[in-house]
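Working notes, beginning with the structure itself.
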Amino acid sequence: MTVEQVQNEIIEEFSLFDDWMQRYEYMIELGKSLPLIDTQYKTDQNIIKGCQSKVWVHADMVDEKVIFTADSDAIITKGIIAILIRAFSNHSPKEILEANTNFIDQIGLKEHLSPTRANGLVSMIKQLKLYALAYQTQLN
Amino acid sequence: MTLDLTKIRADFPILSRKVNGQPLVYLDNAATSQTPKQVIDVIADYYQRYNANIHRGVHTLSQEATDKFEEARKTVQDHFGIEKTHEIIFTPGTTHSINLVAFGFGSLLKTGDEVIVSALEHHANIVPWQMMCERSGAILRVIPMTDAGTLDMKAYDKLLNDKTKLVFVNHVSNALGTINPIEEIIEKAHAIGAAVLVDGAQACGHIKPNLQKLNVDFYTVSAHKLCGPTGVGILYGKEHWLKKLPPYQGGGEMIDEVTFEKTTYADLPHKFEAGTPNICGGIAFGAALNYMNAVGFEAIGAYEDELLKNATDRLSKIEGLRIYGETERKTAVISFNIDDIHPYDIGTLLDKMGIAVRTGHHCAQPIMDYYKIPGTVRASFAFYNTLEEVDQFVNGVQKATDMLR
């Protein structure tokens, strides 16, 4: 599946819900399925700045595809990063770099996109893309 | 004396708005209080009828604006029981007031002098003093806190010595709501010849202190914590201290005579009011004090205690909930966590229910470090909140907790 196809899949799942509670409950569920970061990478260096809660992200490259793992001490933040990772993980660096993030809007999480929000969603996206950029440079 | 809540709430247009489709329950009053239409009207009136720069203007508008601005200074004087009008400096707020004193006081200190801060401070009452100590070579000492979120006063006694020059402490802790024993702190500091600055930002919306009676040397207030606008506040300082401190900023208004060889400074309070002040803000600050006095601080205090007691009792029944700051002497602030649920999660879900609280370290990281927590959820009440809102809040916290467990 392309990044876009995964994103459409997520949009479809979220379209089943008609109120915020169901959306957030689902997000919390998704957080529980987050591919967890190996404890050795759970360092201060890997913390994403700009979040009120702590978020750690790590990236590996396997067969020229970037695999993300992460964790957070807040459950909702965990859900948000899980959604992002589901969309971006297991794709080539180039695909990740070219992917847009409009789907966040469409799953009713637009409010989290503002750079002034304390959750740092914007910083998370930036960090995922930075990892992709680093691996892209390696491939070139 | 009871409050007429229906009437009071009708004074605050913002309280009838909806947030995320739900009626707003505003419990972030320690961050900023809401503004009644009596104050909003004064702001509109200023810009519609007599907006002009003050002092020294020959025209009518300037004179009217000057009169109103100076009238506001008198209102502040009456409200806080201040002896002399010129002991009141209008500033952009508490942080600015503290920086003004820290800047000036630093020039009076020498290497090895000691100053004392409390462990319960907002960063605004820590960082300016650290900067002052770096410049002057003075040593910063800290009054430790206890598990209950109060100051360890025995430790304070031991910190005081003949090198102590200044003590700065907040009247009320912003993160926990603890009312500090400032009377005792002031008396003991004075006994060894040290001055005291009290940061009144969190107290002034709930308590009406008489500064002359308190005998405090400096006291700071922000108007937006007591139903006034943001960007304005005061520094109160005893006359002899304000005369001793050098000016903080140079500019218009603060001068007596200027030549390129030498400038002499204006008398108090203008010496510390460089540039065009927040004229409208100052006038609105006066209006806010008038509004709150009309409601009555005694009634406000009693009613807020009732809200606090009710909310504390009911919240405490939620399994795993811990309240930080458990002293009898506190304002209507509840700082809490539930098990190891991150405060950010609770705050986010409460917001979806229209309930505004604050989450995080509340600009008081040393307190969070003491409890070894990343932050808390803080609900802070004002006299316009209702028992029904306490209900909605407690139910909201329960609902959020159920979702997150």
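Bear in mind these aren't lab numbers, they're just calculated from the coordinates by the rules spelled out. Only a predicted model underlies this, so the values are computations on that prediction, with no experimental measurement involved. Because the Cβ atoms are built from the backbone with ideal geometry, glycine has one as well, and the counts that use them run over all protein chains shown.
Would you kindly calculate the translational diffusion coefficient of the stretch B:207-363, applying Stokes-Einstein with the Kirkwood radius from alpha carbon pairs, for 37 °C and a viscosity of 0.692 mPa s, and quote it in µm² s⁻¹ without decimals? Answer from the Stokes-Einstein relation: 166 µm²/s. For the stretch B:67-121, the list of trypsin sites (Lys or Arg not before Pro) that fall in a loop by DSSP and count at most 11 other C-beta atoms within 10 angstrom reads B:LYS110. The distance from the alpha carbon centre of the stretch A:57-113 to that of the stretch B:307-324 is 38 Å, rounded to a whole number.
Hey, for a label at B:ALA155 modelled as a point 7 Å past Cα toward Cβ, could you say which residues of the stretch B:362-400 have their backbone N under 12 Å away? The answer is B:367, B:370-371, whose backbone nitrogens lie closer than 12 Å to the label point. Maximal additional length on extending the B:THR263-B:ARG9 stretch stands at 86.3 nm, based on 0.36 nm per residue less the C-alpha distance.
Counting Cβ atoms of other protein chains within 10 Å of each Cβ in A:23-29 and taking the mean gives 2. Straight-line reach from A:LYS94: taking Cα to Cα under 20 Å and skipping same-chain neighbours fewer than 8 places apart, the lysines in range are A:LYS65, A:LYS126, A:LYS129. Based on the convex hull around the alpha carbon atoms, the protein assembly as shown presents an average projected area of 30.4 nm².
Within the listed set B:GLY251, B:GLY347, B:GLY375, the residue fluctuating most in the Gaussian network model of chain B (springs between alpha-carbon atoms under 10 angstrom) is B:GLY251.
Here the Gaussian network model covers chain B, with springs between Cα atoms less than 10 Å apart; of B:ARG378, B:ARG135, B:ARG358, B:ARG135 fluctuates the most.
In this structure, B:LYS74 and B:LYS372 have a Cβ-Cβ separation that, at R0 = 35 Å, corresponds to a calculated FRET efficiency of about 0.15.
With a Förster radius of 35 Å applied to the C-beta separation of A:ASN100 and B:ALA299, the computed FRET efficiency comes to 0.05. Each of B:VAL115, A:VAL66 was scored by other Cβ atoms within 10 Å of its Cβ. Listed from fewest to most, they are A:VAL66, B:VAL115. Peptide B:337-350 shows a mean partner chain C-beta count of 5 within 10 Å per residue C-beta. Computed from the Kirkwood radius of its Cα pairs, the Stokes-Einstein diffusion coefficient for chain A at 20 °C and 1.002 mPa s stands at 142 µm²/s. A crude spin-label estimate for the pair B:GLN212 and B:LYS309, with each label 7 Å from Cα along the Cβ direction, gives 3.4 nm.
Fewest first, what order do B:PHE260, B:PHE285, B:PHE272 take by the number of other Cβ atoms within 10 Å? Listed from fewest to most nearby Cβ atoms, that is B:PHE260, B:PHE272, B:PHE285. Under the combined filter of DSSP loop state and at most 14 neighbouring Cβ atoms within 10 Å, the stretch B:207-300 retains these trypsin sites (Lys or Arg not before Pro): B:LYS262. Counting other Cβ atoms within 10 Å as a rough exposure proxy, the listed residues B:LEU268, A:LEU139 run A:LEU139, B:LEU268 from fewest neighbours to most. Take every pair of alpha-carbon atoms less than 8 Å apart whose residues are at least six positions apart; their mean separation over the length of chain B yields a relative contact order of 23 percent. Relative to the longest principal axis of the Cα atoms of chain A, the long axis of helix A:121-139 lies at roughly 30 degrees. For chain B, the membrane-span-like helices by this rule, meaning whole DSSP H stretches whose C-alpha atoms cover at least 20 Å of axis and whose Kyte-Doolittle mean is 0.5 or above, are B:279-295; this says nothing about an actual membrane. Placing a pseudo-label 7 Å from each Cα along the Cα-to-Cβ vector at B:VAL127 and A:ASP18 gives an inter-label distance of 4.8 nm. Using the Cβ-Cβ distance between B:ASP41 and B:GLU83 with R0 = 35 Å, the FRET efficiency computed as 1/(1 + (r/R0)^6) comes to roughly 0.65.
Each of A:TYR41 and B:THR327 was given a label point 7 Å from its Cα along the Cα-to-Cβ line. The distance between the two points is 4.6 nm.
Treating each Cα of chain B as one equal point scatterer and applying the Debye formula with no solvent, the log10 of I(q)/I(0) at q = 0.08, 0.11, 0.12 Å⁻¹ comes out as -0.45, -0.84, -0.98.
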